[in-house]
Amino acid sequence: MLLNQERLLQCAQGVQRLVILQISQQYLMNHLDLIRNYINAYNAYDVAGMTANLHNDIVFEHITNGEVVLSLEGLEAFRRQAEQAVRFFNQRKQSITSITEAADRVEVAVAYTAIAAMDLPNGLKAGDAIELEGQSIFRFAGDKVIRITDIG
């Protein structure tokens, strides 16, 4: 009798681990879908699509050479910046090169290419092409992106 109870307990623990694994995989897949949707919208110059899955309290930071060069708080501030940035490049594309899941975030390595549409304050001239490698770190609150940190 005791042996049967031990087997039942082992089975129950196995099922519990399987359920937790499935939930964890579904959680990651949902977050990966949010990230892919965001990047696809970015590439399509679709600001509404970019902001569709962002939390109202989104925090966005862009870091270059270890220094925060842009910091935004709130969905409206993000939307305004995204609408302005659409004009900066004739072409732009982010491509995911790798994805790493951490306990509280998803880190995405990206290859970025763009062609400047105008002379920019950083020295780029209209028509200049750029190619960069970078990283975007996404954090989530439920089914929304609450923080994006771009490092490049």
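General observations
- For Leu54, the amide hydrogen comes within under 5 Å of the amide hydrogens of Val145, counting only partners 5 or more places away or on other chains and with H modelled in the peptide plane.
- Summing Lys and Arg as +1 and Asp and Glu as -1 over all other residues whose Cβ lies under 10 Å from the Cβ of Asp119 gives a net charge of 0.
- Using θ = phi - 60° and Karplus 6.51 cos²θ - 1.76 cosθ + 1.60, couplings along the range 114-128 (whole Hz; Gly, Pro as x): 7, 10, 5, 8, 8, 5, 10, x, 7, x, 5, 9, 3, x, 5
We did not get these values from a lab; they are worked out from the coordinates using the rules stated. Since the model is a prediction, treat every value here as computed from it, not as a measurement. Every residue, glycine as well, gets a Cβ built from its backbone with ideal geometry; the counts of neighbours run over all protein chains shown.
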